[in-house]
Amino acid sequence: MTQLLAGEPSSPYQASLPLPTAAETAPLPASLTLQKRHDGRLWALLAERAAPVKLRRCFPWTFPERYISLQTEDNAELAFVSDPKELDSASQAALSQALSEVGFVFLIQRVYSVEEDFELRCFKVETPQGPRAFQTALDAWPRETPDGGLLIQDVAGDVFRIEDAASLDPRSRELLWELVD
């Protein structure tokens, strides 16, 4: 089931309450469609409105593919998906892909080096989780996003994001601009 919520908490789970039954949740709005677009983000299309959304898994975490809050960039909940099976097949595929990526998106805060080696580009970067090293194919280029960010996907499928390349230190910008058209 998917619910549209207005200002209510996004989690359908509270420790003292059982999970909601199908009869207790709102029916899936037929107009909700999810798309993975070229900018690398998941977009929700609802009636006449289209917006990029962030995914937030809600309790219980024992059902990681269920109970997903779709939030705007301002952290306002646009929709709530309690069961992705209620979505059309294209939306299910887009949501599944986005869920697999959301757990592996690293925010790059600094770029220490970018070197070419044996048909690979080797990055050494700083993330909130600490230093990381990853590799991309030489023909894989960072993708610019409409919000001014960059996405880099490594050979293992992990996604690295730079939210605002202009705010990076000068050396990081210099290393990146060589890779961006």
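Evaluate the stretch 127-143: report whether one residue or more is surrounded by 12 or more Cβ atoms within 10 Å (Cβ to Cβ), closer than 21 Å to residue 41 by Cα and in contact (Cβ under 8 Å) with a residue 60 or more places away in the chain.
Among the residues of the stretch 127-143, at least one is surrounded by 12 or more Cβ atoms within 10 Å (Cβ to Cβ), closer than 21 Å to residue 41 by Cα and in contact (Cβ under 8 Å) with a residue 60 or more places away in the chain, which makes the answer yes.
Looking only at the stretch 66-87, filter to residues that are outside any strand (DSSP E or B) and touching a Leu at 6+ places or on another chain (Cβ under 8 Å); which one of those is surrounded by the fewest Cβ atoms within 10 Å (Cβ to Cβ)? Steps first, answer last, please.
Initially, the stretch 66-87 is screened for residues outside any strand (DSSP E or B), giving 66-67, 72-76, 82-87.
If we keep only those that are touching a Leu at 6+ places or on another chain (Cβ under 8 Å) too, we end up with 72, 84, 86-87.
Numbers: 72: 13, 84: 19, 86: 17, 87: 19.
Step by step, filter the stretch 66-87, then rank; the result is 72.
Suppose we filter the stretch 97-120 for residues that are surrounded by 14 or more Cβ atoms within 10 Å (Cβ to Cβ) and farther than 19 Å from residue 165 by Cα; how many remain?
The number of residues fulfilling the criteria is 5.
Read the figures in this text as sums done on the coordinates, not as results from a lab. These numbers come from a predicted model, not from an experiment. FYI the Cβ positions are ideal-geometry reconstructions off the backbone, even for glycines, and counts take in every protein chain you see.
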